[in-house]
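Chemist: Sharing a structure below in structure tokens format, with a few things to ask.
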Amino acid sequence: MRLIQYVEANRVRVALVENHEQIRPIEIDGGTYSLAQAAMAEGCSLKEMATARQSDVLIDYQTLIDEQRLLPPVTHPDPAHCLVTGTGLTHLGSADTRSAMHAKTQVSDDELTDSMRMFKLGVEGGKPAEGQPGAQPEWFYKGDGDCIVAPEAALPSPAFAQDAGEEPELAGLYIVADDGTPWRIGYAVGNEFSDHVTERFNYLWLAHSKLRACSIGPELLIGELPAHLEGTSRVVRDGQTLWEKPFLTGEANMAHSLANLEYHHFKYPGFRRPGDVHVHFFGTATLSFADQIQIRDGDRFEISLKGFGRPLRNALRRQPARVPAAIKAL
């Protein structure tokens, strides 16, 4: 089962994806967030709740796209209560991509060795026995819900950014119950979108490079995730494909299990605050930046993953320079 969110008469709606052309609205106000809250309250699965509340109406999917009414597949009524985070060096091959990205500007192997050491930890201990914690992965923070851009909308890149590169990833979407238990509501295609030039200059600037917009969706996959997933990442310029490459994800292609990545995120009490939404990116090994592609204003990212329905598409829009906010003493 797959869900999408969209806007109708200034309200957030959620719908079942009936097929590639049609969606079926679910009779509930407040979108996926409200649907998940209702499922938790009644002690049933999200699939059961969605099925029980499906309407008899069918809506044209393409119309929502053409009218730019799509939303990310889950949102919080207060964006400050949606935390966007991620993990790196999680996929087999990701260490080679990271090493190649850093190699040209390093006078020593210190940072490359750190990346390889982190990757090796994941390979050796990232898939522990069930119920046991494994190797701790790299972790980063991207922002709150305001940094998530809707599918088909423009991805803003700040004027001070040195790069604006896609990162095709799988993302896990979660809601924290009233008792502090994180519930995974499903998975979505994601474009984690980072500043790779800033990261390459000095790995200690990784945190800065991640404070950018991102996008997820348009569809939320509910249920079991296949161990092997194949996708395609593409950059389109002036209507023509500039760069295209397949990418692999899912646990069969990862050094870490998803359970291990989830454990090391939600082990912190601050990430188990009742009512909060979490969007967590699981990493990638495929970047156009690693192939020396320089993204320009107006280029469009297209990321598709088999089994996840329609592709995630966003065009890049560079923002004008702005005067920094003046800091005042109170």
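Chemist: Any residue in region 171-180 that is more than 30 Å from residue 274 (Cα to Cα), at pLDDT 95 or above and part of a loop (DSSP other than H, G, I, E, B)?
Modeler: No, region 171-180 contains no residue that is more than 30 Å from residue 274 (Cα to Cα), at pLDDT 95 or above and part of a loop (DSSP other than H, G, I, E, B).
Chemist: Within the bounds of region 319-330, is there any residue that is of a type in the set (Lys, Arg), surrounded by 12 or more Cβ atoms within 10 Å (Cβ to Cβ) and either in contact with a strand residue (DSSP E or B) (Cβ under 8 Å, 6 or more places away or on another chain) or touching a residue at least 40 places away in the same chain (Cβ under 8 Å) (or both)? Full working, then the answer.
Modeler: If we filter region 319-330 for residues that are of a type in the set (Lys, Arg), which is where we start, we get 322, 328.
Next, only the ones that are surrounded by 12 or more Cβ atoms within 10 Å (Cβ to Cβ) stay: none.
No.
Chemist: If you don't mind, there's one more thing I want to ask. Find the residue count for region 10-56, including only residues that are over 21 Å from the mean Cα position of the chain (by Cα), at positive phi and either crowded, with 22+ Cβ neighbours inside 10 Å or modelled with pLDDT of 95 or more (or both).
Modeler: Looking only at that region, the number is 2.
Chemist: Further question on the same structure: Starting from region 224-245, take each residue that is over 29 Å from residue 298 (Cβ atoms) and list its partners that are surrounded by fewer than 17 Cβ atoms within 10 Å (Cβ to Cβ), counting only C-beta distances under 6 angstrom and pairs at least six apart or across chains.
Modeler: 227/252; 228/252
Chemist: Continuing with this model, one more query. Can you tell me which residues in region 250-299 are among the β-branched types (Val, Ile, Thr) and either touching a His at 6+ places or on another chain (Cβ under 7 Å) or more than 20 Å from residue 210 (Cβ to Cβ) (or both)?
Modeler: Filtering region 250-299 down to residues among the β-branched types (Val, Ile, Thr) leaves 277, 279, 284, 286, 293, 295.
Of everything in region 250-299, those that are among the β-branched types (Val, Ile, Thr) and either touching a His at 6+ places or on another chain (Cβ under 7 Å) or more than 20 Å from residue 210 (Cβ to Cβ) (or both) turn out to be 277, 284.
Chemist: Residue by residue through region 162-178, note down the ones that are among the small types (Gly, Ala, Ser) and closer than 16 Å to residue 215 by Cβ.
Modeler: The answer is 164, 165, 171, 172.
Chemist: Okay, next question. Search region 114-157 for residues being more than 30 Å from residue 317 (Cβ to Cβ) and polar (S, T, N, Q), and hand back the single one that is surrounded by the most Cβ atoms within 10 Å (Cβ to Cβ).
Modeler: 115
Chemist: With charged (D, E, K, R) and surrounded by fewer than 16 Cβ atoms within 10 Å (Cβ to Cβ) as the only criterion, which of 237, 212, 200 stands out?
Modeler: Working: 212 fails: surrounded by fewer than 16 Cβ atoms within 10 Å (Cβ to Cβ); 200 fails: surrounded by fewer than 16 Cβ atoms within 10 Å (Cβ to Cβ).
Matching residue, one of 237, 212, 200: 237.
Chemist: Report yes if some residue within region 30-48 is more than 23 Å from residue 178 (Cα to Cα) and outside any loop (DSSP other than H, G, I, E, B); otherwise report no.
Modeler: No, that holds for no residue.
Chemist: Same structure, new question: Residues in region 277-300: is at least one in contact (Cβ under 8 Å) with a residue 12 or more places away in the chain, within 26 Å of residue 184 (Cβ to Cβ) and acidic (Asp, Glu)?
Modeler: Checking region 277-300: not a single residue is in contact (Cβ under 8 Å) with a residue 12 or more places away in the chain, within 26 Å of residue 184 (Cβ to Cβ) and acidic (Asp, Glu).
Chemist: Are there any pairs with C-beta distances below 7 angstrom linking a residue in region 119-142 that is on the phi > 0 side of the Ramachandran plot and in the same structural domain as residue 203 (by TED's automatic domain parsing) to a residue that is crowded, with 16+ Cβ neighbours inside 10 Å and among the polar types (S, T, N, Q), with the two at least 6 apart or on different chains, and if so which?
Modeler: Listed pairs, sorted by first residue: none to list.
The values are calculated or read from the model by the stated rules, or taken from the named source; none is laboratory data. Since the model is a prediction, treat every value here as computed from it, not as a measurement. Neighbour counts are summed over all protein chains in view; Cβ atoms, including those assigned to glycine, are modelled from backbone coordinates with ideal geometry.
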